[in-house]
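A quick write-up on the structure given underneath.
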Amino acid sequence: MKMRPSTYLVITTLVVTAVVIAYSLTYPYLESKLLPVLVGSILFILTGIQLIKELRLPEDTSAPMMERAPEYGLIECAPSAAWIVGLCLAIYLFGFMASIPVFVIAYIKSHGRGWSMAIGVAASLTAFIYVVFIELLQVDLHPGLFMDFLS
């Protein structure tokens, strides 16, 4: 069976997610491990489903180009990887609640959408994260290196 480059990415994501979940379970407090285990478990399940789909795809390459999914290599995935790395760096430096709306607005605007949509989606997502994680689950989200330094 010949594996596609996308299959390697899915397997890598599955392994990294499993390591994150396993490491998170070693945290001493429930509040510390709740967020990474919850998000990691969801990602692990969805990645597992994607791996099953990847492995079930036929190897027949004689199908017309319109019916086959495009193959993406490392170069085509670089912009998406840069967005993810940028978000992780912003969360580390400025915290979740400051980084998420800025990221969402920048991402939506960079893809040619209007300000009203960008601000609406950012506000909705930020409100959702605040209500679910901070109010309901009582999770202390990372405040950011700079924000923690200022207080």
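Pairs under 7 Å by beta carbon, first residue surrounded by 13 or more Cβ atoms within 10 Å (Cβ to Cβ) in segment 117-133, partner not in a helix (DSSP H, G or I), six or more apart or different chains?
That search, which allows pairs on different chains as well, returns Phe133/Val139; Phe133/Leu141.
Yes/no matrix, rows are residues, columns are (1) in contact with a Ser or Thr (Cβ under 6 Å, 6 or more places away or on another chain); (2) assigned to a helix (DSSP H, G or I); (3) modelled with pLDDT of 95 or more; (4) of a type outside the set (Ser, Thr, Tyr):
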{"position": "Ala123", "(1), (2), (3), (4)": "no, yes, yes, yes"}
{"position": "Phe133", "(1), (2), (3), (4)": "no, yes, no, yes"}
{"position": "Gln138", "(1), (2), (3), (4)": "no, no, no, yes"}
{"position": "Leu141", "(1), (2), (3), (4)": "no, no, no, yes"}
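Every residue in segment 113-151 that is at positive phi and under 21 Å from the mean Cα position of the chain (by Cα), please. I'd like the intermediate steps shown before the answer.
As a first pass, look at segment 113-151 and keep what is at positive phi: 138, 144.
The one that is at positive phi and under 21 Å from the mean Cα position of the chain (by Cα): Gly144.
Residues checked against (1) modelled with pLDDT of 90 or more; (2) not assigned by TED's automatic domain parsing to the domain that holds Pro143:
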site	(1), (2)
Val16	yes, yes
Ser32	no, yes
Phe44	yes, yes
Thr47	yes, yes
Met65	no, yes
Ile84	yes, no
Tyr92	yes, no
Pro101	yes, no
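Just to be sure I understand, how many residues within segment 88-104 are surrounded by fewer than 18 Cβ atoms within 10 Å (Cβ to Cβ) and of a type in the set (A, V, I, L, M)?
Selection size over segment 88-104: 4.
Contact list please: Cβ distance under 9 Å, first residue in segment 70-96 and of a type in the set (S, T, N, Q), second residue exposed (fewer than 11 other Cβ atoms within 10 Å of the Cβ), pairs at least six apart or on different chains.
none
The values are calculated or read from the model by the stated rules, or taken from the named source; none is laboratory data. Treat the numbers as computed from the prediction; the structure is a model and nothing was measured. In this analysis, Cβ positions are derived from the backbone assuming ideal geometry, glycine residues included, and neighbour counts consider all displayed protein chains.
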